[in-house]
Amino acid sequence: MEIKQPQDFFLSEAHAFCLFMLDNQEMADAHGHDFDELVIVRSGSGFHIINDQVELVYTGDFFFVSANDTHYYESTNNLSLINLLFHKDRHFGFIHNIDTLLDVVRETTQPSVRELLTLNESELQKIVGLTEEVTARRDDNFDAVYFSATEAAILEIVSLLCRCIARRGERNRNSESSGQKILNYVRQNYCRHINWDALCEECGMAKRTMFRFFKEMTGTTPEKFQQICCLLKAQELLRTTDRPIKDVALFCGFINASRLTDVYKKRFSRTPSQERHLSYSITEL
């Protein structure tokens, strides 16, 4: 497995941070890195697999990847990201105690406790603007003026994320768009039978519009997208638990183990049994 190194990203030995935008993030092999990473989804969607736990991410989402984590992206669709990297052994020149804010983001975006934390459009655009300001600066000297300006922008970005986290208890579904309501419902209930007609009616969206929305957001149909969610959840359970394959199949919405095996092999070119054996083999190395 590749471990990405700081020298390939940080602009100088004085930089405690690296900030850049990445367009059209494609699927990639699992990797780690010798630095912490804060990721903000600028547009598009995809699945983020971190330490074998799967989560759907889309526009406005953000999450933290620690230096000891392993992660990759799966089934991406026009996924564009803002990546903010933090060096483990360097300190900011003008920001003190930023680790306190980063710990808030780290702790509240872990897959095991992650809530639906999504930046609103104005917050996301503000962060995009701040990112562009930082990346536009290419002062060769990297003097005090450079670091004071760029670190101030970094602090504002992290503060915006923490304010989004702080108001999570104030959210209600009435403030979400119809598309957000549908996607969040699927995000939380993909292993169950979904009545798409009833869901469209509840969320105030015509079924034809919903199909266009899913195609634009995920690159596929609602039913196919739900199946991908279920397969990736099955993969997570096969890799991280000892649950019998038949139980994994039922939990993930498949009628039996045979059906899961058929669909799983078509998607991943290996059976659930082979997936589990491969996971055990890697663990034993």
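Observations, loosely collected:
- For the chain, built as a Gaussian network whose Cα springs stay under 10 Å, the top-fluctuating residue of Pro244, Pro272, Pro111: Pro244
- Square roots of 5 times each gyration tensor eigenvalue, C-alpha, the chain, largest first, Å: 35, 24, 15
- Here Asp89 sits with roughly 120 square angstrom of accessible surface, probe radius 1.4 Å.
- Cβ-derived FRET efficiency at R0 35 Å, Thr220 paired with Asp99, nearest 0.05: 0.30
- Nearest-ten-degree value, helix 272-284 long axis tilted from longest Cα axis of the chain: 40 degrees
- Nearby lysines by direct alpha-carbon distance to Lys181 (threshold 24 angstrom, same-chain neighbours under 8 apart not counted): Lys126, Lys207, Lys215, Lys224, Lys233
- Residue-count net charge about Glu2 - beta-carbon cut-off 13 Å; Lys, Arg +1, Asp, Glu -1: -2
- Heavy-atom accessible surface of segment 5-135: percent carbon and sulfur, 1.4 Å: 43 percent
- Exposure rank, largest accessible area first [Thr240, Thr109; 1.4 Å]: Thr240, Thr109
- In the chain, the longest principal axis of the Cα atoms and the axis of helix 207-218 are about 50 degrees apart.
- Computed helical MRE - 222 nm, the chain, DSSP H runs ≥ 4 contributing -39500 (n - 2.57), nearest 500: -15000 deg cm²/dmol
- Residues of segment 178-285: accessible area per residue with a 1.4 Å probe, Å²: 56 Å²
- C-alpha long axis of helix 98-108 to longest principal axis of the chain, angle in °: 0 degrees
The values are calculated or read from the model by the stated rules, or taken from the named source; none is laboratory data. Predicted model, so just to flag it, every value in this text is computed and none were measured. With ideal geometry, Cβ positions are generated from the backbone for all residues, glycine too; neighbour counts draw on all protein chains shown. When the accessible area is computed, the model is the full protein with side chains, heavy atoms only, and any ligands, DNA or RNA have been set aside. Shrake-Rupley method; radii C 1.70, N 1.55, O 1.52, S 1.80 Å.
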